[in-house]
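Beneath this line is the structure, given in structure tokens, with notes to follow.
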Amino acid sequence: MIFSSPHAAVTIPETSLAEYILRHAHELGNKPALIDGSSGRTITYKELVPTVRKLAAGLASHNFGKGDVLAIYSLNSPEYALAFLAVAMLGGATSMIPPLFTDAEVKTQLQDSGATYLLTIPQLLEKANQAVPGKIKKTFIIGEGEGAVPFTSLLENDDPVPEVNISPRNDLVALPYSSGTTGLPKGVMLTHYNLVSMLCQLHASEALIENDTTVCVVPMYHLYGLHVVVNLGLRQGATIVILPRYELRQFLITLERYGVTIAPLVPPLVLELSRVPEVDEHNLSKLRLIHCGAAPLAAEVGQACSERLGCPIRFGYGLTEVSPLSHSSLPSIPDKPGSVGYCLPNTECKIVDYVTGAELGPNQAGEIWIRGPQVMKGYLGNNDATAEMIREDGWLRTGDIGYAEQDGRLFVVDRLKELIKYKGRQVAPAELEAVLLSHPAIADAGVIPSPDEEAGEVPKAFVVLKSAATVDEIMEFVSARVAPHKRIRLVEIVNEIPKSPAGKILRRVLVERERGKSSPAV
């Protein structure tokens, strides 16, 4: 069964991304567009287009042109957004590198993406220089650094922006990296049409409006921060306050100082806001909505945060390969606990049996497949991985397990490759993690498969405690709330659950840790 969107289809213009985002900026005059939350430095909508055009001309003066790739290796900043738009205006593509990458990871992405230009910050310049292969023609820096071209110098160019003929459906504008369903990270080829489609789809779902002030604290190297927060905010005419990274005190001060109305977050931040006492020290009455995405959020945590802050939480689901969303909550329909909402406009979804490949019906769990205009062009230089991910009829395999109700409301259970197989039966780690987080003594939790001679694999929980609890108490708590085959058989108390900056549990780190030792049963 194919589940379609409850939204009416939207018209997606055949235009370049920068032109689409900046089309109406001048009409907003002196309204703040981008604010540096650390310093208060502001770029107005009146200044936005001239600034992007100057930057594009500056890049062109260094021979950056259509088809070139600029890698951005930086914390969040207004310059990040400006550089992305300038590159898009020139017909180039941006590859975003996480600041916490190792030297080897930075070098691999630079080489694989074909980047010949690099934009970084003083804190990362030395590391960038160590990783930069010889083919990097110019390194630009937001600030000052030896051997790098200052970002400000690019804004001193008064030459006209070169005329560029952009083919929206064919030309790349973003080249983020994703591991996909399996294997090592791969370059995700996203076109102007892909990203314009996403903005049109999010506009129809009323993700934010012109009167909103939003905060970008989620990483801009991820499409959630760069595209869903910043690019969408600029297209809608909202004000975006950008913070370099998440730090609780600065974040709360920013929400209060700028009267933030919409806060796009990831689950660890929602969890912290639901619990920390510092929240009560700030007036957050302007906050009308929280968006939560990038990783699963336990229903109890979402409800606790929503009640504490007095505003609803809307959810979204997707992956980098779909620019990055396929589903979101609807403002007109109350959420159900655990649901990520409905298909965005022009988007279809189906649930497929991951053994037989048969299409499944409502309330039957299988692999989630997506089809829509936001589906990537493919993986850079990897036709085999592209063919594995995208079928000839346009369906993209997500590698996630979930089910949809009759009306298309989607529930995501877990990752296909992370399911635990207990005596041949599937157990979803995320389901057990949600149960564990409902225990009053548990602050955080991660669940992985642990090898077992009799069962094949058994669920093992790593838990962070905030008050006293024994291993036996924890296992009994879970056993009372799940089917027998889902019971946790092993528990280890730890100080921290490893997570990505986007909030996803790094189960592979826990698995590697488990393989390195023999864990006694409890």
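The values are calculated or read from the model by the stated rules, or taken from the named source; none is laboratory data. In this text, all values refer to a predicted model and were calculated from it rather than measured experimentally. Because the Cβ atoms are built from the backbone with ideal geometry, glycine has one as well, and the counts that use them run over all protein chains shown. Surface accessibility is based on the protein's heavy atoms, side chains included, excluding ligands, DNA and RNA. Shrake-Rupley method; radii C 1.70, N 1.55, O 1.52, S 1.80 Å.
Brief remarks follow.
- Contacts under 8 angstrom Cβ, first residue in the range 386-401 being more than 26 Å from residue 421 (Cβ to Cβ), partner part of a loop (DSSP other than H, G, I, E, B) and open to solvent by less than 60 Å² (accessible area, probe 1.4 Å), 6 or more apart: 390/375; 390/376; 394/375
- Cross-chain or 6+ apart pairs with Cβ under 9 Å, the range 347-366 first and more than 15 Å from residue 398 (Cα to Cα) and open to solvent by 60 Å² or more (accessible area, probe 1.4 Å), then outside any loop (DSSP other than H, G, I, E, B) and modelled with pLDDT of 95 or more: 363/403; 363/404; 364/351; 364/403; 364/404
- Being within 17 Å of residue 17 (Cβ to Cβ) and either part of a strand (DSSP E or B) or open to solvent by less than 10 Å² (accessible area, probe 1.4 Å) (or both) is true of residue 91.
- Test result for residue 80, buried (at least 21 other Cβ atoms within 10 Å of the Cβ), hydroxyl-bearing (Ser, Thr, Tyr) and within 17 Å of residue 232 (Cβ to Cβ): yes
- The strands (runs of 3 or more DSSP E) located wholly in the range 423-472 that include 1 or more residues which are modelled with pLDDT under 90 and of a type in the set (Gly, Ala, Ser) occupy 442-452, 456-465.
- Strands (runs of 3 or more DSSP E) contained entirely in the range 325-415, each with at least 2 residues that are at pLDDT 95 or above: 339-343, 348-352, 366-371, 396-404
- Helices (runs of 4 or more DSSP H) contained entirely in the range 174-266, each with at least 1 residues that are in contact with a Gly (Cβ under 7 Å, 6 or more places away or on another chain): 248-257
- Picking from residues in the range 1-50 that are over 28 Å from residue 252 (Cα atoms) and among the β-branched types (Val, Ile, Thr), the one that is most open to solvent (accessible area, probe 1.4 Å) is 11.
- Given (1) surrounded by 24 or more Cβ atoms within 10 Å (Cβ to Cβ); (2) part of a helix (DSSP H, G or I), index of the condition residue 60 fails: (1)
- Among (1) of a type in the set (Gly, Ala, Ser); (2) in contact with a strand residue (DSSP E or B) (Cβ under 6 Å, 6 or more places away or on another chain); (3) in a loop (DSSP other than H, G, I, E, B) - the single one residue 33 does not satisfy: (3)
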